[in-house]
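Undergrad: I'd like to ask you about the structure that follows.
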Amino acid sequence: MLSPTGASKPGDAATTFVTLVDDSQGGKTNSESNAQITSLEQKDAPGQLPPGMEMPIGQVCFETALVATGSSSSSSSETFSLYVDPALGVNGHWAQDSSGVWANLASAPYGGKMVTEGDRLRLDFRITDGGAFDADGKVDASITASGAPAHMPLSIAGQAPDEGHDGFWF
């Protein structure tokens, strides 16, 4: 659903489609991968967003089961591609880390990128099992994440998302 507030199923909102690709290599699934998206849903945008942040479709929340790598004590990273309509006007895939700071995972500092592919915008990003953007914070061969294709005014120096955090966003 498309809504200026990101509300789930708003009454008169136009429909928009998104596609999430797990274990993505340039937007395509790795044919040798055993990783699997086990849950995917759209949720409302959080009530407290940094000034200027707009989430036209709310949050995209998902869980992914990862490939067993032999050692359950070592974390692994998973790559994702989220396809959205470029008309949404987003400039990244924004997620909150475990300390509450918002970051654009589809940016070079986080190993991601944005690519126009045909008539879709592809947001490539990486999340580490047990890392700052894995909601459970545990290395357990599962990633639980929330993020959003969103628009945020960018600054070279960065900006604290609110007075309650000391961190900067990119």
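The values are calculated or read from the model by the stated rules, or taken from the named source; none is laboratory data. The structure presented is a predicted model; accordingly, all values stated were derived computationally and were not measured. Backbone-built Cβ (ideal geometry, glycine too); neighbour counts: all protein chains shown. In case anyone asks, the SASA skips ligands and DNA or RNA and just uses the protein heavy atoms, side chains included. Shrake-Rupley method; radii C 1.70, N 1.55, O 1.52, S 1.80 Å.
Undergrad: Against the conditions (1) out of contact with any Cys (no Cβ under 9 Å at 6 or more places or on another chain); (2) open to solvent by less than 70 Å² (accessible area, probe 1.4 Å); (3) modelled with pLDDT under 95, where does Ser146 fall short? Just the number, please.
TA: (1)
Undergrad: Here's something else I'd like to know. Only one of these is touching a Ser or Thr at 6+ places or on another chain (Cβ under 6 Å), modelled with pLDDT of 85 or more and not aliphatic (A, V, I, L, M): Gln48, Gln36, Gln59. Name it.
TA: Being touching a Ser or Thr at 6+ places or on another chain (Cβ under 6 Å), modelled with pLDDT of 85 or more and not aliphatic (A, V, I, L, M) holds for just one of Gln48, Gln36, Gln59, which is Gln59.
Undergrad: Does the range 31-51 hold any residues that are assigned to a loop (DSSP other than H, G, I, E, B), open to solvent by 40 Å² or more (accessible area, probe 1.4 Å) and more than 17 Å from Gly147 (Cβ to Cβ), and which are they?
TA: Ser31, Glu32, Asn34, Pro51
Undergrad: Residues of the range 90-107 being farther than 13 Å from Leu123 by Cβ, open to solvent by 20 Å² or more (accessible area, probe 1.4 Å) and not hydroxyl-bearing (Ser, Thr, Tyr), which ones?
TA: Scanning the range 90-107 gives Gln96, Asp97.
Undergrad: Identify the residue in the range 113-129 that is crowded, with 19+ Cβ neighbours inside 10 Å and farther than 19 Å from Met55 by Cα and, among all such residues, is nearest to the chain's Cα centre (by Cα).
TA: Going through the qualifying residues, I end up with Ile127.
Undergrad: Follow-up question, since we're still on this one. Just checking, does the range 6-14 include any residue being open to solvent by 80 Å² or more (accessible area, probe 1.4 Å), at pLDDT 75 or above and in a loop (DSSP other than H, G, I, E, B)?
TA: There is no residue in the range 6-14 that is open to solvent by 80 Å² or more (accessible area, probe 1.4 Å), at pLDDT 75 or above and in a loop (DSSP other than H, G, I, E, B).
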